[in-house]
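Read the figures in this text as sums done on the coordinates, not as results from a lab. Everything numeric in this text was worked out from a predicted model, so none of it was measured. With ideal geometry, Cβ positions are generated from the backbone for all residues, glycine too; neighbour counts draw on all protein chains shown.
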Amino acid sequence: MISTNKKHIALISVHGDPAIEIGKEEAGGQNVYVRYVGEALAKQGWQVDMFTRKANAEQPRIVQHSPNCRTIRLTAGPEQFVPRDNIFGYAPDFVQEFLKFQEENGVVYPIVHTNYWISSWVGMQLKKIQGSKQVHTYHSLGAVKYRAISTIPMIATMRLDVEKAVLETAERIVATSPQEKEHMRSMVSKKGNIDIIPCGTDVRHYGAITKEEARQQLGIDDDTKVVLYVGRFDKRKGIETLVRAVAKSKLRGNSKLKLIIGGGSRPGQSDGIERDRIESIVNELGLTDITVFPGRLGENDLPVYYAAADVSVVPSHYEPFGLVTIEAMACGTPVVGSDVGGLQFTVLPEKTGLLCPPKDDVAFATAIDRILANPEWRSELGRNARMRVEKMFSWDGVASQLSNLYTQLLEEPAESLDQVSA
Ligand code: UDP
């Protein structure tokens, strides 16, 4: 017998597995978002099932995160890594497997919260088939992304169509910043219901260690100036701009300057090409002696690296939100970021960090130097940054806002299936 359990929620993230290691290949902010939103919602009384595509034959089908929160891996396409631009063809199989799972487990999810455009298509099918209400978070907008890159993938037209359709039909779209909402309105469609609910971070985990303790753990002297990047190796992340900025820094030639570029994976994986490219620029610019690549940073390493840094740099060409920014800020470290997207929301220039035009290595060098040259101001920016995150970006606060949204949607009368598929 199939039942509708009102407190059940399905988070769908076809290509971003919430249970895998973050920081390599294509695993980044979306995986973190889904996992932490899921876990925080479970604490607030929801029964949370997070659905993703099984991308490795050895992975377990179900991972239990907490009593009311689990990841469920559905087989749709080969059980191996497939780049996200090639996954859409498996979306119909994903829908079938999702329906099969529901049937086997006697549940129909009244709300599906989908993540990224591929999952949004899955959600739109579930809406047609069984009237599930849909909440959608884009994580990245094709319309913005394709403006910023030179090679447009084949899948672009389909993606743009799907992104417009979901904006116009989902019960609610979650924009993670006012800037993202503005992009949706100006570049995708004037129709549709958008709420702004930001991404969050764990304010207990990030900020639990002081700069002095962190430096002791990492063996870094007090008088060393540390510039940090954390994130995936992807051209869009603009790591090249940071490297070129450090090469132009006034502190260039000072052996106390240190550049840490954290993230990345093993040789042979798809992000290895960008990593090799960045390493060769580091070598070319003569920065090898002051640059370290610690590789992928685990959950316990991250607060230590952020806290040890004098400044955390987020030089992305485009950033819908940018979790790294609020993680660094929660650790009391100011951020120098690109003046784009969500970074315009999270970073308050001159208060919690500085913003520079994307790809402008001279502007980044000047901003980094300003912070490194003034330790007192650096600490003040860091304190303000921490306060801003506590106030606006804790996962518990974000999950409460989502929980209110779902509750409100559940109380609204459902459209009949005829209306939905019309
Ligand atoms: N991350 C990590 N280890 C690493 C590099 C990154 O755990 O070595 C995490 C980082 O802490 C953040 C996420 O990956 O939570 C990246 O999210 P963001 O929104 O900054 O960028 P995205 O990857 O989504 O483009």
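Comparing mean-square fluctuations of H15, H139, H65 from a GNM of the chain with C-alpha springs under 10 Å, the top value falls on H65. Using a Gaussian network model of the chain in which every pair of alpha carbons under 10 angstrom is joined by a spring, one finds that among F321, F364, F98 the greatest mean-square fluctuation is at F98. Pairs to check: K145/K191; K145/K235; K127/K164; K7/K391. Give those whose C-alpha atoms are more than 18 Å from each other in this structure. Beyond 18 Å between Cα atoms: K145/K191; K7/K391. Remark: relative contact order (the chain) = 16 percent; criterion is Cα-Cα distance under 8 angstrom and separation of 6 or more residues.
Semi-axes of the equivalent ellipsoid for the stretch 260-397, computed as √(5λ) from the eigenvalues of its C-alpha gyration tensor and ordered from largest down, come to 24, 18, 15 Å. Of the GluC sites (Glu not before Pro) found in the stretch 19-71, the ones in coil according to DSSP and having at most 15 other Cβ atoms within 10 Å of their Cβ are E21, E58. Pairwise Cα separations in the stretch 52-166 fall into 10 Å bins from 0 onward with the following percentages, short to long: 12, 41, 35, 11, 1. With contacts taken as Cα pairs under 8 Å and at least 6 residues apart, the stretch 194-268 reaches a relative contact order of 36 percent. In the stretch 181-228, taking the dipole from charged Cβ atoms about the Cα centre, the farthest positive-side position among N193, G207, G219 is held by N193. Rounded to the nearest 500, the 222 nm mean residue ellipticity of the chain from helices alone is -12500 deg cm²/dmol, with -39,500 (n - 2.57) taken per DSSP H run of at least 4 residues.
Over all pairs of different C-alpha atoms in the chain, the reciprocal of the mean inverse distance, the Kirkwood hydrodynamic radius, equals 22.1 Å.
For the chain, a Gaussian network of Cα nodes joined below 10 Å ranks G200, G131, G342 by mean-square fluctuation, and the top entry is G131.
Across every direction, the projection of the convex hull enclosing the Cα atoms of the stretch 212-281 has a mean area of 5.4 nm². Applying a DSSP loop filter and a limit of 14 other Cβ atoms within 10 Å to the GluC sites (Glu not before Pro) in the stretch 287-384 leaves E299, E350. Taking every Cα-Cα distance in the stretch 114-225 and sorting them into 5 Å bins from zero, the calculated P(r) comes out as 2, 11, 18, 17, 12, 9, 6, 8, 7, 7, 3, 1, 0 percent. Dividing the convex hull volume of the alpha-carbon atoms in the stretch 1-122 by its residue count gives 97 Å³ per residue. In terms of distances greater than 28 angstrom between alpha carbons, the cross-link table entries K256/K359; K211/K351; K128/K181; K54/K359; K248/K351 yield K54/K359.
Looking at the stretch 1-113, the DSSP beta bridges with both ends there are about 20 percent antiparallel.
For the stretch 209-332, pairs of C-alpha atoms spaced more than 25 angstrom apart make up 19 percent of the total. Between the residues V63, V95, Q47, the greatest Cα displacement towards the positive end of the dipole of the stretch 39-95, with unit charges on the Cβ of Lys, Arg, Asp and Glu, is found for Q47. Across the stretch 149-226, Cα pairs under 8 Å and at least six residues apart give a relative contact order of 25 percent.
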